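Reviewing the structure listed below.
Only the coordinates and a few stated rules stand behind these numbers; no lab work does. Quick caveat, the model's predicted, so the values are computed rather than measured. In this analysis, Cβ positions are derived from the backbone assuming ideal geometry, glycine residues included, and neighbour counts consider all displayed protein chains.
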Amino acid sequence: MAAYAAGSHRASAAHFRLAVYGGAFDPPHPGHETVVRRALALADRVLLVPSHRHAHGKRMVDFALRCAWLERLAQRIDPQRVLCEPIEARLLPGQGAVYSYDLMHALAEAHGVAPEAMALVIGEDNLEHLPGFHRGTELRRDFGLLVAKETRVLHSSAIRLHLREGRPLPATWCLPEVAGDLAVYREMQ
């Protein structure tokens, strides 16, 4: 995982007070866990921030269930340093997706952390798209980045497809925190 200090376009040995890892987590899987564990090496705490609404309008499993999964995952990894933060439900209730820039500033205020002491966790595929993010230049200026290299090619969409088609999931695709609830994807058809 590469660290970039706020305003920098060069990877560095930066360390952050707070890393923010947002996503649909629909469902969370071992690849997500790997990213969290790597972020813990570069930040004092990691916030898992599930999307309240999908940026592209896709249907997701209930927000409360996804939060419960992330809370259980945080408990297993390190309950003092990893937290599920359901702030998106409060930021724009009933409206569209929450932008990363707005989310990061809301979290800075809520947690009393200076923006430059925070990092947004993104995949390396999103690094090239960052200038196109809503207020992407300001996001890069105000906050650090932790850029995760994909080491485990596994996507939640593949898990959902397997489940909808009634195929068994390989054991390596499933977190113990979600295993008992995956039937919800078969019911969503």
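Here is a check on your reading of the model: is His9 crowded, with 22+ Cβ neighbours inside 10 Å and part of a loop (DSSP other than H, G, I, E, B)? Working first, answer last.
On the way: crowded, with 22+ Cβ neighbours inside 10 Å: no; part of a loop (DSSP other than H, G, I, E, B): yes.
So His9 does not fit the description; no.
Out of everything in segment 114-144 that is among the hydrophobic types (A, V, I, L, M, F, W, C), surrounded by fewer than 19 Cβ atoms within 10 Å (Cβ to Cβ) and not in a helix (DSSP H, G or I), what residue ends up being farthest from the chain's Cα centre (by Cα)?
Ala114
If I ask for residues that are in contact with a His (Cβ under 9 Å, 6 or more places away or on another chain) and not in a helix (DSSP H, G or I), which ones from segment 145-159 would you list?
Across segment 145-159, the qualifying residues are Arg152, Leu154, His155.
Among the numbered criteria (1) under 17 Å from the mean Cα position of the chain (by Cα); (2) part of a helix (DSSP H, G or I); (3) not charged (D, E, K, R), which one does His162 miss?
(1)
So, in segment 145-159, of the ones that are of a type in the set (Val, Ile, Thr) and surrounded by 16 or more Cβ atoms within 10 Å (Cβ to Cβ), which residue ends up farthest from the chain's Cα centre (by Cα)? Steps first, answer last, please.
Taking segment 145-159 first, the residues of a type in the set (Val, Ile, Thr) are 147, 151, 153, 159.
Checking which are surrounded by 16 or more Cβ atoms within 10 Å (Cβ to Cβ) leaves us with 147, 159.
Details: Val147: 12, Ile159: 17 Å.
If we take residues in segment 145-159 being of a type in the set (Val, Ile, Thr) and surrounded by 16 or more Cβ atoms within 10 Å (Cβ to Cβ), then Ile159 is farthest from the chain's Cα centre (by Cα).
If you take the residues in segment 70-113 that are part of a helix (DSSP H, G or I), out of contact with any Leu (no Cβ under 9 Å at 6 or more places or on another chain) and not aliphatic (A, V, I, L, M), which one is nearest to Leu130 (Cα to Cα)?
Going residue by residue through segment 70-113, those that are part of a helix (DSSP H, G or I) are 70-77, 88-91, 100-111.
Now restrict to residues that are out of contact with any Leu (no Cβ under 9 Å at 6 or more places or on another chain): 75, 89-90, 105, 109-110.
Those left that are additionally not aliphatic (A, V, I, L, M): 75, 90, 105, 109.
Values: Gln75: 31, Arg90: 25, His105: 17, Glu109: 23 Å.
Of everything passing the filter in segment 70-113, His105 is nearest to Leu130 (Cα to Cα).
Only one residue in Ala74, Ala108 is more than 20 Å from Met60 (Cβ to Cβ) and buried (at least 19 other Cβ atoms within 10 Å of the Cβ), so which one is that?
Numbers: Ala74 fails: more than 20 Å from Met60 (Cβ to Cβ).
That would be Ala108, the only listed residue that is more than 20 Å from Met60 (Cβ to Cβ) and buried (at least 19 other Cβ atoms within 10 Å of the Cβ).
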